[in-house]
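The values are calculated or read from the model by the stated rules, or taken from the named source; none is laboratory data. Keep in mind that this is a model prediction, so the values were computed, not measured. So basically every Cβ, Gly included, is an ideal-geometry build from the backbone, and we count neighbours across all protein chains shown. These accessible areas exclude ligands, DNA and RNA; they are computed on the full protein's heavy atoms, side chains included. Shrake-Rupley method; radii C 1.70, N 1.55, O 1.52, S 1.80 Å.
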Amino acid sequence: QAQLVEYGGGTVQTGGSLRLSCAASGRTFSDRTVAWFRQAPGKEREFVARINGIGDNTEYAAAVKDRFTISIDPNKITVFLQMNSLKPEDTALYSCAMLRYGSYRYSTNVQDYANWGQGTQVTVSS
């Protein structure tokens, strides 16, 4: 089974940018939908963005739309999350996961995803 790893997090000031990466060990994402979620202390994990394996279908949470961009590299090895105009409320542990087989293909529900990575921390200061 695939093991996911995330990297690229860090600490930036309000208005700054970061690019997160998500990759699977031993396979590509060519036939799988991948999504980014985030969880802040004391809050539930929430959907951020998703992309299908082909890379032609994406969706964003309202809170990040027009600021974040999800993409997949041509070899389908890595999924990226470009984050611009960062705000303090974006501070969270960001994790990626793959959509479970048999789940609704446009799902943004955390319960429909599996093979979670360990996460990468994003901190946005004022």
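Filter the range 72-98 down to residues that are more than 18 Å from Val122 (Cα to Cα) and open to solvent by less than 50 Å² (accessible area, probe 1.4 Å) and give me whichever is modelled with the lowest pLDDT. Show your work before the answer.
Quick first cut of the range 72-98, residues more than 18 Å from Val122 (Cα to Cα) only: 72-78, 98.
From the residues that got through so far, the ones that are open to solvent by less than 50 Å² (accessible area, probe 1.4 Å) too are 72-73, 76, 78, 98.
Numbers: Ile72: 95, Asp73: 93, Lys76: 90, Thr78: 95, Met98: 95.
Per the stated criteria, the residue is Lys76.
Looking at Thr69, is it β-branched (Val, Ile, Thr), open to solvent by 60 Å² or more (accessible area, probe 1.4 Å), more than 14 Å from Ala114 (Cα to Cα) and under 14 Å from the mean Cα position of the chain (by Cα)?
yes
Might you check whether a residue that is more than 19 Å from Glu6 (Cα to Cα), surrounded by fewer than 18 Cβ atoms within 10 Å (Cβ to Cβ), among the aliphatic types (A, V, I, L, M) and modelled with pLDDT under 95 occurs anywhere in the range 53-63?
Looking for residues that are more than 19 Å from Glu6 (Cα to Cα), surrounded by fewer than 18 Cβ atoms within 10 Å (Cβ to Cβ), among the aliphatic types (A, V, I, L, M) and modelled with pLDDT under 95, one finds at least one in the range 53-63, hence yes.
For residues that are touching a strand residue (DSSP E or B) at 6+ places or on another chain (Cβ under 8 Å) and more than 16 Å from Met83 (Cβ to Cβ), tally how many sit in the range 19-33.
Filtering the range 19-33 for residues touching a strand residue (DSSP E or B) at 6+ places or on another chain (Cβ under 8 Å) gives 19-26, 29, 32-33.
Narrowing the set further to residues that are more than 16 Å from Met83 (Cβ to Cβ) leaves 23-26, 29, 32-33.
Matching residues across the range 19-33 total 7.
Please find, among Thr28, Thr14, the residue that is touching a residue at least 12 places away in the same chain (Cβ under 8 Å), over 11 Å from the mean Cα position of the chain (by Cα) and within 15 Å of Gln3 (Cα to Cα). Break it down stepwise before answering.
Values: Thr14 fails: within 15 Å of Gln3 (Cα to Cα).
Result of the check over Thr28, Thr14: Thr28.
Quick one: is Val34 of a type outside the set (D, E, K, R), open to solvent by less than 50 Å² (accessible area, probe 1.4 Å) and more than 10 Å from the chain's Cα centre (by Cα)? Lay out the reasoning, then the answer.
Working: of a type outside the set (D, E, K, R): yes; open to solvent by less than 50 Å² (accessible area, probe 1.4 Å): yes; more than 10 Å from the chain's Cα centre (by Cα): no.
In short, no.
Identify, please: which residue in the range 111-126 is touching a residue at least 40 places away in the same chain (Cβ under 8 Å) and more than 17 Å from Cys22 (Cα to Cα) and is, among those, least open to solvent (accessible area, probe 1.4 Å)? Show your work before the answer.
Restricting attention to the range 111-126, the residues satisfying the condition of being touching a residue at least 40 places away in the same chain (Cβ under 8 Å) are 113, 115-126.
Next, only the ones that are more than 17 Å from Cys22 (Cα to Cα) stay: 123-126.
Details: Thr123: 46, Val124: 10, Ser125: 47, Ser126: 133 Å².
Checked the range 111-126; the qualifying residue least open to solvent (accessible area, probe 1.4 Å) is Val124.
Scan the range 14-44 for residues that are of a type in the set (Val, Ile, Thr) and within 20 Å of Val124 (Cβ to Cβ) and jot them down.
In the first step, residues of the range 14-44 are kept if they are of a type in the set (Val, Ile, Thr); the result is 14, 28, 33-34.
Within the range 14-44, just Thr14 meets the criteria.
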